[in-house]
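Asker: Below you will find the structure I want to go over with you.
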Amino acid sequence: MDHKIEANYLTVEKRLFLCNMAENMLNDWEKKSEEHNKKYKQLLHRTDKNRVLKVLPEFHEEAFEKIECLQCANCCKNYSPRFKTPDVKRISKHLKMRESIFIEKYLLVDEDGDFVANKKPCPFLGTDNYCSIYEERPSDCRRFPYTNEDVFIKRKELTLKNSTFCPITYFVLEKLLEKIPH
Ligand code: SF4
Ligand code: SF4
């Protein structure tokens, strides 16, 4: 997900989510993430890329086992994916809408020339944090937060930004700090 929209808030829901996290590592994760930002930066810049890529799948899997996206949805609430042409075609077809109507109703063009959601939270996010177009969601949403891709290490600034609001990104970075000398 190429995040376009800035926002920052701590909801009651989010606080509950943090209380429910079992692992010590995840207690107060946002504060720790902020404190460790410099270390993450060093790790992403200095560590051998292949070494990181080798361990990412394991940490990615562990993060998704421990963290429940449905209790978070920070990405869907605060940022928009890009809606690329195949996404627009697929989703508008699924919604049985003409592409032009779909675009008019849900999207706008941002400063980079990409189609993004015209409001936040994302118009397809339900109050229960479920995505109403989950099976057809944009490819950016499927890939986010890139913790199992080379984008994680290639787009360092994006990963650092994601670590400020996505506990999965934070968790993977912490595991890397723990396991890989940097
Ligand atoms: S991907 Fe990250 S920010 Fe999005 S819902 Fe899951 S944990 Fe939250
Ligand atoms: S399309 Fe679905 S998964 Fe993607 S941001 Fe919107 S609600 Fe979240």
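The values are calculated or read from the model by the stated rules, or taken from the named source; none is laboratory data. Quick caveat: nothing in here was measured; it's all calculated off a predicted structure. Don't worry about glycine lacking a Cβ; one is built from the backbone with ideal geometry, like all the others, and counts go over all protein chains shown.
Asker: Scan the range 61-81 and report the pairs whose first residue is more than 22 Å from Phe124 (Cα to Cα) and whose second residue is acidic (Asp, Glu), with Cβ atoms within less than 8 Å and a gap of 6+ or a chain change.
Answerer: Close Cβ pairs (under 8 Å, with a partner that is acidic (Asp, Glu)) amount to Lys66/Glu23.
Asker: When you scan the range 133-149, how many residues do you find that are surrounded by 14 or more Cβ atoms within 10 Å (Cβ to Cβ), within 7 Å of ligand 2 (Cβ to nearest atom) and more than 13 Å from the chain's Cα centre (by Cα)?
Answerer: Of the residues in that region, 2 qualify.
Asker: Restrict the check to the range 136-150 and report whether at least one residue is at pLDDT 95 or above, in contact with a strand residue (DSSP E or B) (Cβ under 8 Å, 6 or more places away or on another chain) and part of a loop (DSSP other than H, G, I, E, B).
Answerer: Yes, some residue in the range 136-150 is at pLDDT 95 or above, in contact with a strand residue (DSSP E or B) (Cβ under 8 Å, 6 or more places away or on another chain) and part of a loop (DSSP other than H, G, I, E, B).
Asker: Tell me whether the range 105-121 contains one or more residues that are in a helix (DSSP H, G or I), crowded, with 16+ Cβ neighbours inside 10 Å and not assigned by TED's automatic domain parsing to the domain that holds Lys41.
Answerer: Scanning the range 105-121 turns up at least one residue that is in a helix (DSSP H, G or I), crowded, with 16+ Cβ neighbours inside 10 Å and not assigned by TED's automatic domain parsing to the domain that holds Lys41.
Asker: Search the range 74-94 for residues being in contact with a Lys or Arg (Cβ under 9 Å, 6 or more places away or on another chain) and not in a helix (DSSP H, G or I), and hand back the single one that is surrounded by the fewest Cβ atoms within 10 Å (Cβ to Cβ).
Answerer: The residue in question is Arg82.
Asker: Any residue at all in the range 56-72 that's under 11 Å from the mean Cα position of the chain (by Cα) and either within 12 Å of ligand 2 (Cβ to nearest atom) or surrounded by fewer than 19 Cβ atoms within 10 Å (Cβ to Cβ) (or both)?
Answerer: Scanning the range 56-72 turns up at least one residue that is under 11 Å from the mean Cα position of the chain (by Cα) and either within 12 Å of ligand 2 (Cβ to nearest atom) or surrounded by fewer than 19 Cβ atoms within 10 Å (Cβ to Cβ) (or both).
Asker: Counting only residues that are within 22 Å of Lys120 (Cβ to Cβ) and in a loop (DSSP other than H, G, I, E, B), which one in the range 95-104 is farthest from ligand 1 (Cβ to nearest atom)?
Answerer: It comes out as Met97.
Asker: Looking at the range 28-60, which of its residues are under 12 Å from Ile153 (Cβ atoms) and free of Cβ contacts under 8 Å to residues at least 60 places away in the same chain?
Answerer: Asp48, Asn50, Lys54, listed by residue number.
Asker: So Lys154 passes all but one of these: (1) surrounded by 15 or more Cβ atoms within 10 Å (Cβ to Cβ); (2) assigned by TED's automatic domain parsing to the domain that holds Asp48; (3) more than 15 Å from the chain's Cα centre (by Cα). Which condition number does it fail?
Answerer: (1)
Asker: Residue by residue through the range 17-31, note down the ones that are modelled with pLDDT of 50 or more and loosely packed, with under 14 Cβ neighbours inside 10 Å.
Answerer: Matches in the range 17-31: Asn20, Glu23, Asn24, Asn27, Asp28, Lys31.
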